[in-house]
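> Sharing a structure here in structure tokens format.
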Amino acid sequence: FEGAVTIPVVVNIIEKFAGEVTQAQINSQIRILNEDFNNNNSNTSSVPSAFANLVADVNISFVLGTVNRVVNTRSSWGTNDAMKDPSQGGIGATDPENNMNLWVCEIGGGILGYAQFPGGASATDGVVIGTDFFGENAAGGIYGKGRTGTHEVGHWLNLRHIWGDGRCNRDDFVSDTPTSDRANYNCPSFPTTHCRSADMTMNYMDYVQDDCMYMFTAGQNDRMRALFVPGQPRVGFVN
Ligand code: ARG
Ligand code: ZN
Ligand code: CA
């Protein structure tokens, strides 16, 4: 699918006190998603020349919709979707065929965020981002620059981790991303090589720190855009 895609974002905030998650934090997360999915971020010029021809402008826009808030003192929501269940103190999803639901809560266990791949249960469709890692937030440190949102929305649009969660011969189902056998952390220098060729450590779907991830590839763009045609799970976002 080649045309414009606009994704309304419903933000579901489960906070320990009213106003814990600020409007500035919300606005910055939407801005960062728009920058990263339109190849418009401040560090895209740092892409090594070996990968420069692969950089994609994914051309997807995100628009802030309803913000729902509930106060709950629970400090560790885990990764079993409790934050999406009103009977457990969470907030239910709003029309997931036509909105990307984004939950913000303390996940715990050192987990920055998690997402549901396309094609799963409607009631749990969306992405979850830990409070400290949502938008621009000093509390998140090197993960406080909003790129957890970019990474999780990548999963929500069917992207796998760039190293394919496996060995050098395992795949992320994208042909222009190099194979690797592991995640990269912190801010690796180029080239960092684990398999046949240099890892694309600066890809949003690796595990490096926020300011060291700044590209999607053309192949990842194609994989995401394949979701917006009739019969595919994200077709509700084009019409
Ligand atoms: N560990 C999480 C996941 O696999 C998020 C990783 C985000 N990385 C980052 N630098 N913000 O979905
Ligand atoms: Zn991930
Ligand atoms: Ca690949």
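The values are calculated or read from the model by the stated rules, or taken from the named source; none is laboratory data. Just so we're clear, the structure is a prediction, and the values are computed from it rather than from any experiment. No Cβ is skipped: glycine too gets one built from the backbone with ideal geometry, and neighbour counts run over all protein chains shown. We work out accessible area using only protein heavy atoms, side chains counted, and drop any ligands, DNA or RNA first. Shrake-Rupley method; radii C 1.70, N 1.55, O 1.52, S 1.80 Å.
> Which of the GluC sites (Glu not before Pro) across region 1-109 are loop residues per DSSP, with 13 or fewer other Cβ within 10 Å?
Passing both the DSSP loop test and the Cβ count: Glu2, Glu97.
> Within region 164-225, what whole-number % of the accessible surface is contributed by carbon and sulfur, with the 1.4 Å probe and all protein chains included in the calculation?
Here carbon and sulfur together make up 45 percent of the probe-accessible area.
> Next up: Within the set of other residues whose C-beta is less than 14 Å from the C-beta of Asn41, count the net charge using Lys and Arg as +1 and Asp and Glu as -1.
On the way: positive: Arg31, Lys145, Arg147; negative: Glu35, Asp36, Asp57, Glu136, Asp210, Asp211.
Neighbour charge sum, excluding Asn41 itself: -3.
> Here's another thing I want to ask about it. Less than 15 Å Cβ to Cβ from Pro188, Lys/Arg counted +1 and Asp/Glu -1: what total charge do the surrounding residues give?
-4
> List, in order, the whole-Hz ³J(HN,Hα) value for each residue of region 45-57 obtained from phi through the Karplus relation with A = 6.51, B = -1.76, C = 1.60 and θ = phi - 60°; use x for Gly and Pro.
For region 45-57, the Karplus curve yields 6, 7, 4, x, 4, 4, 10, 4, 6, 9, 5, 10, 8 Hz.
> On to the next question. May I ask for the distance between the Cα centers of region 189-216 and region 15-50, given as a whole number of Å?
Centre-to-centre distance over Cα atoms comes out at 19 Å.
> On to the next question. How large a share of the accessible area of region 5-58, in percent, is made up of carbon and sulfur atoms when the probe is 1.4 Å and the other protein chains stay in place?
On the way: 1100 of 2150 Å².
With neighbouring chains kept in place, the figure for region 5-58 is 51 percent.
> Using only the alpha-carbon atoms, what does the chain span along each of its principal axes? Please give whole angstrom values in decreasing order.
On the principal axes, the chain reaches 49, 40, 31 Å in Cα extent.
> Please give me the summed charge of the neighbours of Ile91: other residues whose Cβ is under 14 Å from its Cβ, Lys and Arg +1, Asp and Glu -1.
Surrounding charge for Ile91 is -2.
> In Å², and per residue, what accessible area does the chain have when probed at 1.4 Å with the other protein chains present?
Value returned for the chain: 42 Å² of accessible area per residue.
> I would also like to ask the following. Sort 67-80, 193-206 for me by packing, meaning the mean count of neighbouring Cβ atoms within 10 Å per residue, highest on top. Could the numbers behind the result be given before it?
Working: 67-80: 14.3, 193-206: 20.0.
The packing order, highest mean first, is 193-206, 67-80.
> Going toward the positive end of the dipole of the chain, with +1 on Lys and Arg Cβ and -1 on Asp and Glu Cβ, which of Met205, Met100, Asn38 do you reach last?
Checked the options; the winner is Met205.
> Taking the simple approach of a point 7 Å from Cα along Cα-to-Cβ for both Gln23 and Glu136, what is their distance in nm?
1.7
> Then there's this: Run the paramagnetic zone check for Val67: 7 angstrom along Cα to Cβ, then residues of region 1-36 with backbone nitrogen under 16 Å.
9-33
> Cα axis of helix 23-36 to longest principal axis of the chain: angle in degrees, 0 to 90, nearest 10?
Relative to the chain, helix 23-36 is tipped by roughly 30 degrees.
> Carbon and sulfur together cover what percent of the accessible area of region 97-153 at a 1.4 Å probe radius?
That share works out to 55 percent.
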